[in-house]
Amino acid sequence: MSVRPARAAEKTDVVYLRDRQEIEAIRAAAQLVARTLGMLGRAVRPGVTTGELDRLAEEFIRDHGGRPAFKGYRGFPASICPSVNEEVVHAIPGPRPLREGDLIGIDVGVEKDGFYGDSACTFPVGEVGAVAGRLVEVTRAALMEGVARARAGNRVGDISHAIQSHVERHGFSVVRTLVGHGIGREMHEEPQVPNYGPPDRGPRLMAGQVLAIEPMVNAGGAEVVTRPDGWTVVTKDGSLSAHFEHTVAVGRDGPEILSAADGDGTKEEV
Ligand code: MG
Ligand code: MG
């Protein structure tokens with residue numbers, strides 16, 4: 001899940017540096033998220049409903065010793081956010097069946113033994129159109145451009161700028177009104193991690209920080225609106241949107257992707 005940028009009065013500026021044991025605990029939660037996303041990716045096909053995916057996810061997470069972190073968060077009623085086509089993030093699962101050619105962004109959060117992991121992936125449903133396919137690849141690559149900047153000594157703005165540059169170079173736009181975040185003993189901690197902005201600005205990154213980096217990318221304009229359900233964020237112009245997210249530890253020598261699908265974060269290209 002992403003967060004709305006905090007007003008100055010709400011900001012705490014408390015940043016946690018995690019020791020190795022804490023990072024491994026966050027990794028355990030994030031790995032359960034990764035395995036849940038892998039399972040859901042195999043379940044995505046025409047005809048399956050977003051509600052069915054939600055039930056599969058909740059059962060899988062609980063069977064593996066975790067708790068779905070989104071369920072009950074500020075009243076959110078389900079375990080995953082399955083956002084289809086023009087839905088950007090935070091969609092509520094329900095009876096909607098997926099159709100051939102849809103894009104579905106699935107956002108999953110897990111709490112395990114007091115620590116949180118958060119990750120998202122956008123899946124094509126069957127064969128998708130050329131723009132949809134390109135949007136998925138550009139958003140995935142933009143996430144990895146941001147992740148690559150998650151090293152001690154850089155600033156948050158270096159991550160933001162890398163994401164924005166990659167997206168805009170390919171003719172798409174980044175959502176401004178929702179941002180990534182620190183994560184650890186809470187799902188949402190400081191600092192905020194915008195997906196746009198100038199490099200070499202914002203808080204300095206320190207080894208031991210853990211961030212959820214999560215570009216939300218629209219095929220059309222950057223503007224979004226929230227549906228009357230109070231949760232589902234959609235593109236204002238109705239264009240397609242994609243979302244990828246990883247939970248990442250800032251290291252002295254580079255990033256560690258704690259939610260990597262391969263388990264140790266070393267095989268994904270960064
Ligand atoms: Mg998320
Ligand atoms: Mg998040």
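Structure above, values below:
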read-out: Residues that are in a loop (DSSP other than H, G, I, E, B) and within 13 Å of ligand 2 (Cβ to nearest atom), drawn from the stretch 82-123; value: 90
read-out: Candidate set: the stretch 124-137, residues that are outside any helix (DSSP H, G or I), touching a strand residue (DSSP E or B) at 6+ places or on another chain (Cβ under 9 Å) and in contact (Cβ under 8 Å) with a residue 24 or more places away in the chain; chosen: the one nearest to ligand 1 (Cβ to nearest atom); value: 125
read-out: Number of the condition not met by residue 40 [criteria: (1) within 16 Å of ligand 2 (Cβ to nearest atom); (2) surrounded by 19 or more Cβ atoms within 10 Å (Cβ to Cβ)]; value: (1)
read-out: Failed item, numbered, when residue 140 is tested on (1) surrounded by 20 or more Cβ atoms within 10 Å (Cβ to Cβ); (2) within 16 Å of ligand 1 (Cβ to nearest atom); value: (1)
read-out: Where a residue in the stretch 84-112 is within 15 Å of ligand 1 (Cβ to nearest atom) and its partner, wherever it lies, is of a type in the set (D, E, K, R) and assigned to a loop (DSSP other than H, G, I, E, B), with Cβ under 8 Å and at least six apart; value: 92/229
read-out: Scope the stretch 147-196; condition under 14 Å from residue 5 (Cβ atoms) and part of a strand (DSSP E or B); matching residues; value: 174, 179, 180, 181, 182, 190, 191, 192, 193
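Every residue, every condition in (1) under 29 Å from residue 102 (Cβ atoms); (2) in contact with a strand residue (DSSP E or B) (Cβ under 9 Å, 6 or more places away or on another chain); (3) among the hydrophobic types (A, V, I, L, M, F, W, C); (4) within 16 Å of ligand 1 (Cβ to nearest atom), yes or no:
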position: 186; (1), (2), (3), (4): no, yes, no, yes
position: 189; (1), (2), (3), (4): no, yes, no, yes
position: 203; (1), (2), (3), (4): no, yes, no, no
position: 212; (1), (2), (3), (4): yes, yes, yes, yes
position: 226; (1), (2), (3), (4): yes, yes, no, no
position: 248; (1), (2), (3), (4): yes, yes, yes, yes
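Any read-out appearing in this document is the output of simple, stated calculations on the displayed coordinates, not a laboratory observation. Because the structure is predicted, anything quoted here is derived from the model rather than measured. Quick reminder, even Gly has a Cβ in these numbers, built from the backbone with ideal geometry, and neighbours come from all protein chains shown.
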